[in-house]
Amino acid sequence: MSYNNPNIIYFSTRNSSGSKLFKTTNGGSSWAQIGVGALPDLIITDIATLDSEPNTVWVTFSGTSASNKVFRSTNGGSTWSNRSGTLPNIPVNCIILDENVEEVYAGLDFGVYKLPSYTSTTWSLFNNNSLPYVYVKELEIH
């Protein structure tokens, strides 16, 4: 759900053939299915929006489909850009956006990776020499 516009909500469902992504712009009175490129067989693991711009949405995927881990749309899901870049071929479980510095953090099956800007595709391991290589399912910015 968008923090600045609670009428805009994204959610996903999944079945044996993969995930489906939906969006509402009227608080849930009606829903439209939106696609994420040609990736219907992958499983969506997380959805994040910018507080300042609810039509900018990031989606992460599980599985081991190389280079199909993180996607971003700046127009509410009409078109998508692949932001997977240099992420390893490991399932991505969650994503969080730090709007103060325009950085992105992704939690994988083996640690946390950082994207230095919204437009970059060059991820780096974020462990500050202390975070172990663990399964990360949720991230928070403090």
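The values are calculated or read from the model by the stated rules, or taken from the named source; none is laboratory data. What you see is a predicted model; the values in this text were computed from it and never measured. Note that we place each Cβ from the backbone using ideal geometry, even for glycine, and neighbour counts take in every protein chain shown. Just so you know, the surface numbers come from the protein's heavy atoms only, side chains and all, with ligands and any DNA or RNA stripped out. Shrake-Rupley method; radii C 1.70, N 1.55, O 1.52, S 1.80 Å.
Quick look at the values:
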item	result
Number of the condition not met by VAL112 [criteria: (1) part of a strand (DSSP E or B); (2) under 26 Å from THR24 (Cβ atoms)]	(2)
Unique residue being of a type outside the set (Val, Ile, Thr) and closer than 22 Å to PHE22 by Cα when the list is GLY111, GLY76	GLY76
Whichever residue in the range 1-11 is part of a strand (DSSP E or B) and free of Cβ contacts under 8 Å to residues at least 40 places away in the same chain and, among such residues, is most open to solvent (accessible area, probe 1.4 Å)	PHE11
Some residue of the range 74-88 being within 18 Å of SER12 (Cα to Cα) and over 15 Å from the mean Cα position of the chain (by Cα)	yes
